[in-house]
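Input: one structure, supplied below.
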Amino acid sequence: MLLAVLTLLLPALQVAADSDLDQLYGERWTAEARVYHSASPSVLSINVLGDVRQQNFRGSRTQKAVEIGQGTGVILDASGLVITNAHVVSPSINGLIEGSLHCNVVFSPDSGGQTLPARVLNVDQEWDLALLQIDAPGPFRAIPMGHSDGLLIGEKVIAIGTAYGESHSLTSGILSGMKRDINVADGRGKRVFSGLLQTDAAINPGNSGGPLLNINGELIGINNATNIQADGMGFAIPIDRVREILATRLLDVDRSEHIWAGLRVGFDGEWLKVLEIHPRGPAAQGGLRVGDLVRQVQAVGVSSKEDYSRELMRFSKGDEVAMTVERDHESLELKLVLRSAQARDTFGLLGFTVERDLVQYRRGLWRERLPVLRIAEVFQETGAADLGLEVGDIVVAVRVRPIKGQEEWRPVRTLAELVSLVRGPDFEFARDNIWLLRDDASLKGVLEFDDPTVARRGL
């Protein structure tokens, strides 16, 4: 079941024909007015809240539900899938308590101005995109999508966003350029975005994640950056690139930020087929096998990987999902209980869980407290158990293939960093690849994996 049981009471929109509005408003019925009238019900203000621990000379205290970010999103389909920027829903904030982040979305005043909760389904930091699900029953008004091919330098473009907190602000300008490469500095360091659209429509803080629209009200880009040293230089991710990231990453259940199903499916040209099963994952526990043909998810027919992902990503950890498959020409209904994405990374990948800790380190006369990862649990029948890892061991570093000018052993300070290195392209499988401290001993060994995707790379 979905988390939300709210009922959306959006007023019925009496959308008059353009010809009627043209007669009513005359010359006031501009291209911008037409686009706002048609697109604003599909545009959302996004408020990001979290619990923040603050430290001062009196100690620490926690502030609950602090607004730590704001931006804009666009509804992609009637079920309430929303696209926005990754930096909107995953801000880098000092003191943010892990797991406390949550989002609300606010509809346009013309659509009733309702505020509803939304869940982050997936994030792609590389392209600064994120996928959300509105936690309420629809249907919702989806934005019509255009194409990046055929755009004209100089054509009119329109942006809608929460500029400096002002909900559903509209600006317009022209398409100033295409295929722009820019450098952006944020809390995670410097990044390069390539192939962006450039516009002189005003893009301000709060517009991030909002739509760049053509004169027909079609989505042609997702606004994501400005040049603060220039006047009138905003940038947007082209819609064709957004489609690609949606299909290959954001709607990829294997990359989900909130659930683990334990299987990989693919379209073989005719059928949606199970290609891989994690031997200890939810799908294996539910009785699915490699080669099964997936027909339905929770009684909804699926004929493509995108259909499958859209249906499955609506659920949360702990939900029981019915999956209808065909095996040897026989129809079977199997049930799997979804687990969290963290379980995928700990139980499914590493074979152990970790908690962050501080240890004393002496350098001459100086003493420092260094952040480390301490093993909190080791799961049986995993590579970690076979290697002899123990609760209390400190994970110092993991080994990657030698790259010129860089150390082979990479220190790790967070679970996300550890998982990213193990799943990354340069992780070392053949030699010692994990470095531990146990009491006064320094230990190294080869950690093996049964996660199908990672294990296949180690062959």
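Read-outs throughout are calculated quantities, based only on the coordinates presented, and are distinct from any laboratory measurement. Quantities reported herein were computed from a predicted structural model and do not represent experimental measurements. Glycine gets a Cβ as well: all are built from the backbone with ideal geometry, and neighbour counts include every protein chain shown.
Among the listed pairs Lys305/Lys335; Lys64/Lys317; Lys273/Lys335; Lys156/Lys179; Lys64/Lys335, which have their C-alpha atoms separated by more than 28 angstrom in this model?
Lys64/Lys335
Per residue and in cubic angstrom, what volume does the convex hull of the Cα atoms of region 345-457 have?
Numbers: hull volume 12.1 nm³, N = 113.
Measuring per residue, one finds 107 Å³ for the Cα hull of region 345-457.
Could you calculate the FRET efficiency of Glu244 with Glu333 from 1/(1 + (r/R0)^6), where r is the beta carbon distance between them and R0 is 30 Å, rounded to 0.05?
E between Glu244 and Glu333, to the nearest 0.05, is 0.35.
Which residues among region 380-404 fall inside the zone where the amide N is under 17 Å from a point 7 Å beyond the Cα of Ser442, along Cα→Cβ?
The answer is 394-400, whose backbone nitrogens lie closer than 17 Å to the label point.
Could you tell me the calculated FRET efficiency between Ala385 and Ala430, based on Cβ-Cβ distance and R0 = 22 angstrom, to the nearest 0.05?
Calculated value: 0.60.
Further question: Give me the distance in nm between label points sitting 7 Å out from Cα along the Cα-to-Cβ direction at Asp450 and Tyr25, one decimal.
Taking the simple label geometry, Asp450 and Tyr25 are separated by 6.3 nm.
Once you wrap a convex hull around the alpha carbon atoms of region 255-339, what is its projected area averaged over all directions, in nm²?
4.9 nm²
I've got another one for you. Per 0.36 nm of contour for each residue apart, how much would the distance between Ala416 and Ser303 grow if the chain were fully extended, relative to their Cα-Cα spacing?
Net length gain for the segment: 37.3 nm.
Tell me, what is the FRET efficiency for Asp268 and Ala33 to the nearest 0.05, using R0 = 56 angstrom and their Cβ-Cβ distance as r?
That gives a FRET efficiency of 0.70.
A follow-up question, please. What net charge is computed for the residues neighbouring Ile245, neighbours being all others with C-beta under 12 Å from the C-beta of Ile245, Lys and Arg scored +1, Asp and Glu -1? Walk me through the intermediate numbers first.
Working: positive: Arg241, Arg243, Arg249, Arg255; negative: Asp124, Glu126, Asp128, Asp240, Glu244, Asp252.
Charge balance in the 12 Å sphere: -2.
Over region 235-277, what is the relative contact order in percent, taking alpha-carbon pairs closer than 8 angstrom and at least six residues apart? Present the calculation step by step, with values, prior to reporting the outcome.
Working: 30 pairs, mean separation 9.0, N = 43.
The value is 21 percent.
Right, here's the next one. Hey, what did region 208-366 get for relative contact order, percent, Cα under 8 Å, at least 6 apart?
Rounded, it is 16 percent for region 208-366.
I would also like to ask the following. Which percent of Cα pairs goes in each bin when the distances of region 50-168 are cut into 10 angstrom slices starting at zero?
11, 36, 32, 15, 5, 1, 0
Sorting Asp451, Asp124 on the 10 Å Cβ count, fewest up front, what's the list?
By the 10 Å Cβ count, ascending, the order reads Asp124, Asp451.
Next question, about the same structure. At a threshold of 8 angstrom on Cα-Cα distance, excluding pairs fewer than six apart, so keeping six or more, what relative contact order does region 345-457 reach in percent?
24 percent
Rounded to whole Å, give me the distance from the Cα center of region 197-251 to that of region 27-42.
18 Å
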